Amino acid sequence: RAIDFGIPELLDGREGSNRSRSGRCQLNATSDIEAVSAWLAEYAEAAHTLRSYRKEVERLLLWATRSRGKALSSLTREDLLAYEAFLSDPGDEWLSPALPRHGSNRRLFERALAHGSVRHAMGIVSGLFGYLVAAGYLAGNPLALRRRRKAGRKPAKVERYLDHATWQFVLDFVERWPRETIRQRQHFERVRWLLRFLHGTGLRASEAAKACAADLMFRRGNWWLRVLGKGGVEGDVPVGTELMQAYARYREFCGLPAVISPNDASPLVMSIAGNHDACLTPTAIYLIVKDVFLRAADARDADDPAAAAVLRRASTHWLRHTAATHQADAGTDLRFIQKNLRHASLETTALYLHAEDDRRHQATTQATDHLPPTTRHS
């Protein structure tokens, strides 16, 4: 869809101070919105990326015109330093739940962005400016002057995952859900399958939403799931026997045969009534999983408030991290986990290695816990 909020004519970028005057623009764009739309069109076939990039550019356009009174094509390095600070602290006028979800006065934040999210947002904005410079629409990229992080600083290990005990609690909690009505049974069976599907494959919500039975392949006695993921990267993800048994149960509940036919295009996760034709949206999958975690957190609060707090923060992407962490804990070769998650770098996959830290903690605390009190505190 087109970017649809109104921008004053004086701020539409036709006279932007950073517009290139070389006459060699490769875009058929006379305004900033037309140029930005051309950039977004480059990602039309990557739905998840398109949504993310669109959100960031809408934030920038609205902030530039409302807060700075400038066109996007007039923003300077100083403006973008101010924008980076704004993302960390937008202010009540941008966060109020009373704001509409559409139009020029829309609410584009649920909360202030964390440091990592700000860095990610500014990376997207820098990519936009770089594209517009390369296309001859802008004279220069004001973010090209951005100070780089010090080389050699290792990223922190992934902490957004559920440990084995908390994950097992979630599975056991769902098994206790009521199943007295048809609707309750439909909801239970879908949630039961969805949790196992996301944990067993490590798929993103966007990938799980569009996966269908035809993507499952049986090769050399093993099941695989063909995935078209982020950035158009294809990969085959191993599917274990237990997961296939869970899928067969879900299919039979939805009125499908347990054995998959060659041309079966039914989605792997269906509507609550088992609609065989329509896939869920990534947002629907996110909301289903989020609801499970919040309900499990309430049930966990009394005897383990720390685990309950973790569950309240958890989301679908946590299940991707949980899948990778549990594979690493089980001793799966790091190169295999990299292929399963379709990471470009083995260094990224290594962030899921926690077993060595667990052994170090256990060895250290066991040694000190057995010391006499006087020795321990000396």
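The values are calculated or read from the model by the stated rules, or taken from the named source; none is laboratory data. Worth saying up front: this structure is predicted, and the values here are computed from it rather than measured. For neighbour counting, all protein chains shown are included, and Cβ atoms are generated from backbone atoms with ideal geometry for every residue, glycine included. All accessible areas refer to the heavy atoms of the entire protein, side chains included, with ligands and DNA or RNA removed. Shrake-Rupley method; radii C 1.70, N 1.55, O 1.52, S 1.80 Å.
Some values worked out for this structure:
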item	result
Odd one out for G202 among (1) at pLDDT below 95; (2) open to solvent by 20 Å² or more (accessible area, probe 1.4 Å); (3) not hydrophobic (A, V, I, L, M, F, W, C)	(2)
Subset of the stretch 31-45 [open to solvent by 20 Å² or more (accessible area, probe 1.4 Å), in contact (Cβ under 8 Å) with a residue 60 or more places away in the chain and closer than 18 Å to G130 by Cβ]	A38, E42
Qualifying positions in the stretch 231-281 - in contact with a strand residue (DSSP E or B) (Cβ under 7 Å, 6 or more places away or on another chain) and β-branched (V, I, T)	V237, V239, I260
Hits in the stretch 254-307 (condition: among the aliphatic types (A, V, I, L, M), more than 27 Å from the chain's Cα centre (by Cα) and loosely packed, with under 15 Cβ neighbours inside 10 Å)	A258, V259, A302
Residue in the stretch 144-167 that is farther than 29 Å from R313 by Cβ and either open to solvent by less than 40 Å² (accessible area, probe 1.4 Å) or modelled with pLDDT of 85 or more (or both) present	no
Filter result (in a helix (DSSP H, G or I) and open to solvent by less than 40 Å² (accessible area, probe 1.4 Å)) within the stretch 168-191	F169, V170, L171, F173, V174, Q186, F188, E189, R190, V191
Extreme residue, surrounded by the most Cβ atoms within 10 Å (Cβ to Cβ), among residues of the stretch 221-253 that are part of a loop (DSSP other than H, G, I, E, B) and touching a helix residue (DSSP H, G or I) at 6+ places or on another chain (Cβ under 8 Å)	G229
Failed item, numbered, when W94 is tested on (1) modelled with pLDDT of 85 or more; (2) hydrophobic (A, V, I, L, M, F, W, C); (3) in a helix (DSSP H, G or I)	(1)
Close pairs (6 angstrom Cβ cut-off, 6 or more residues apart or separate chains): under 20 Å from L195 (Cβ atoms) in the stretch 299-313, of a type in the set (S, T, Y) anywhere	A307/T166
